[in-house]
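Right, one structure below, let's go through it.
Throughout, read-outs are computed from the coordinates displayed, never taken from laboratory work. Quantities reported herein were computed from a predicted structural model and do not represent experimental measurements. With ideal geometry, Cβ positions are generated from the backbone for all residues, glycine too; neighbour counts draw on all protein chains shown.
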Amino acid sequence: MHGEREPEEPSYSRQIAAALAPARRIVLVVGHGTGHSNAAAHLEELLRARHPEIGRRVVATKRLDLSAITERQLLALALACLKPP
């Protein structure tokens, strides 16, 4: 499926929403895809549409090279998203 997002099981986003629901914290969605293959953007859309209480907590969706980012860099990005522009 070159250039397209591979369809996932419908339960996938429900499982993510179930994991995020009790935390009541902000959400930063990260992924490495672009265009139609951007699963992170697709997840954000699903959360906003099907789980609006969680979708409202999404502060950003970022495209990153996930193979090269460190945990420290990811934390720094998350903290930067908390700061007002």
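Charged side chains reduced to their Cβ positions (Lys and Arg at +1, Asp and Glu at -1) give the chain a dipole of some 500 debye around its Cα centre.
Short to long, the 5 Å bins of the Cα pair-distance histogram for segment 11-79 hold 3, 16, 27, 23, 20, 9, 1 percent of all pairs. Helical content of the chain, expressed as a calculated mean residue ellipticity at 222 nm, amounts to -13000 deg cm²/dmol (DSSP H runs of 4 or more residues, -39,500 (n - 2.57) each, divided by residue number, nearest 500). Summarising the amide proton neighbourhood of Ile69: residues at separation of 5 or more, or on other chains, whose placed amide H is nearer than 5 Å comprise an empty set. Please check the chain for the longest run free of trypsin sites (Lys or Arg not before Pro) that are loop-located per DSSP (anything but H, G, I, E, B) and have at most 13 other Cβ atoms within 10 Å. So the longest stretch without any such site is 26-55.
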